[in-house]
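All remarks here apply to the structure that follows.
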Amino acid sequence: MLPSTFDTDTASLRQHLTCFVIDDVVAIDAGSLAMAASALHLRQIRDVVLTHAHLDHIAGLPLFIDDLFSTLSEPVTIYSTESVMQTLERDIFNWSVYPRFSELSNANGPVLKYRTFGEAEKFSVKHLTFQPVAVNHKVPSTGFLVSDGGTTIGLSGDTAEMDGFWNLINSTEDLSAILLECAFPDELEDLARVSHHLTPRRMKLELEKCERRCPIYVVNLKPMFRESIVRQLVELNEADLTVLQVGRVYDL
Ligand SMILES: [Zn+2]
């Protein structure tokens, strides 16, 4: 039988799914949320902010709610654009693929609720402020500036070339880090273009738009091409650029 996940200490460098957790309480995307969440995360995470509805960013979401269903004392809240919410309700939580949790309750009340946000409309999640910005992906997708009032990070989500994100970055003082996607190696330029992703070569052009100096962590590397992408990123010779490590806690 193939494993559905991985041992805690031996997460593969090749990752299909995207999920970031901030301060052990707020998840951004939920690709691996059910599969990799610690006991603490299962107990604490009730807020999930989505960049877009592609499967590698939401695969763990139905399973996460399923795992918690009987024990939730407050609903899991999904923060997304209206468009992403409609996709989830139509294509995932549609009773055919999975239960429509937004219509279900446990003994304590509803188990899932949505909070939609508009483009460029700031919203708060726990102690964090999210500033959304539309990015350039195959489906409606959002990048974010996320701040706890002291530390601010930029997260591109899945995207190809973009300007709004960089305008937001350039207008932000004291940026602690940028998480930037790079899904395909240079030799798959055509595939990257049709699927609206970046390659190392095109990422370099994006970095020329960035006027802020801070660590830039590369995310969303397609697992089959990881070695090739990493080699090409190294060849860019960008001092601030490193690949974000899977399973690692970053103290920014
Ligand atoms: Zn995507």
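Could you check how many residues of region 211-226 are away from the ligand (no atom under 15 Å from the Cβ) and in contact with a Leu (Cβ under 9 Å, 6 or more places away or on another chain)? Count: 9. The residues listed here are 81, 77; of these, the one that is within 23 Å of residue 133 (Cα to Cα), in contact with a Lys or Arg (Cβ under 6 Å, 6 or more places away or on another chain) and of a type outside the set (D, E, K, R) is 77. Applying the condition of being assigned to a helix (DSSP H, G or I) and away from the ligand (no atom under 16 Å from the Cβ) to region 167-189 and asking which residue is farthest from residue 120 (Cα to Cα) yields 187.
The residue list 100, 43, 14, 90 contains one member that is among the basic types (Lys, Arg) and closer than 23 Å to residue 221 by Cα, which is 14. Here is the figure for region 216-252: residues that are part of a loop (DSSP other than H, G, I, E, B), hydrophobic (A, V, I, L, M, F, W, C) and within 18 Å of the chain's Cα centre (by Cα) total 5.
To keep it simple, each residue is scored yes or no on (1) hydroxyl-bearing (Ser, Thr, Tyr); (2) in contact with a Phe, Trp or Tyr (Cβ under 7 Å, 6 or more places away or on another chain); (3) farther than 19 Å from residue 20 by Cβ; (4) in the same structural domain as residue 86 (by TED's automatic domain parsing).
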site: 124; (1), (2), (3), (4): yes, no, no, no
site: 134; (1), (2), (3), (4): no, no, yes, no
site: 142; (1), (2), (3), (4): yes, no, no, no
site: 146; (1), (2), (3), (4): no, yes, no, no
site: 150; (1), (2), (3), (4): no, no, no, no
site: 169; (1), (2), (3), (4): no, no, no, no
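Starting from region 35-62, keep only residues that are β-branched (Val, Ile, Thr), then list their pairs with residues that are part of a loop (DSSP other than H, G, I, E, B) and within 15 Å of the ligand (Cβ to nearest atom) whose Cβ atoms are within a distance under 7 Å, requiring at least 6 positions of separation or different chains. So the pair list comes out as 48/30; 51/29; 51/141; 51/157; 51/158; 58/30; 58/31; 58/50.
This table checks each residue for (1) among the aromatic types (Phe, Trp, Tyr); (2) assigned to a loop (DSSP other than H, G, I, E, B); (3) assigned by TED's automatic domain parsing to the domain that holds residue 53.
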site	(1), (2), (3)
162	no, yes, no
165	yes, no, no
203	no, no, no
211	no, yes, no
214	no, yes, no
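Selection of region 66-111 for residues being within 20 Å of residue 39 (Cβ to Cβ), in contact with a Pro (Cβ under 9 Å, 6 or more places away or on another chain) and in a helix (DSSP H, G or I) yields only 66. In summary, residue 142 fulfils each of the numbered conditions (1) within 16 Å of the ligand (Cβ to nearest atom); (2) of a type in the set (Ser, Thr, Tyr); (3) free of Cβ contacts under 8 Å to residues at least 60 places away in the same chain with the single exception of condition (3). Quick check: anything in region 40-48 within 16 Å of the chain's Cα centre (by Cα), within 27 Å of residue 156 (Cβ to Cβ), among the β-branched types (Val, Ile, Thr) and within 15 Å of the ligand (Cβ to nearest atom)? No, every residue in region 40-48 fails to be within 16 Å of the chain's Cα centre (by Cα), within 27 Å of residue 156 (Cβ to Cβ), among the β-branched types (Val, Ile, Thr) and within 15 Å of the ligand (Cβ to nearest atom). Among the criteria (1) closer than 28 Å to residue 135 by Cβ; (2) out of contact with any helix residue (DSSP H, G or I) (no Cβ under 6 Å at 6 or more places or on another chain), the one residue 18 does not fulfil is (2).
The values are calculated or read from the model by the stated rules, or taken from the named source; none is laboratory data. Keep in mind that this is a model prediction, so the values were computed, not measured. Glycine gets a Cβ as well: all are built from the backbone with ideal geometry, and neighbour counts include every protein chain shown.
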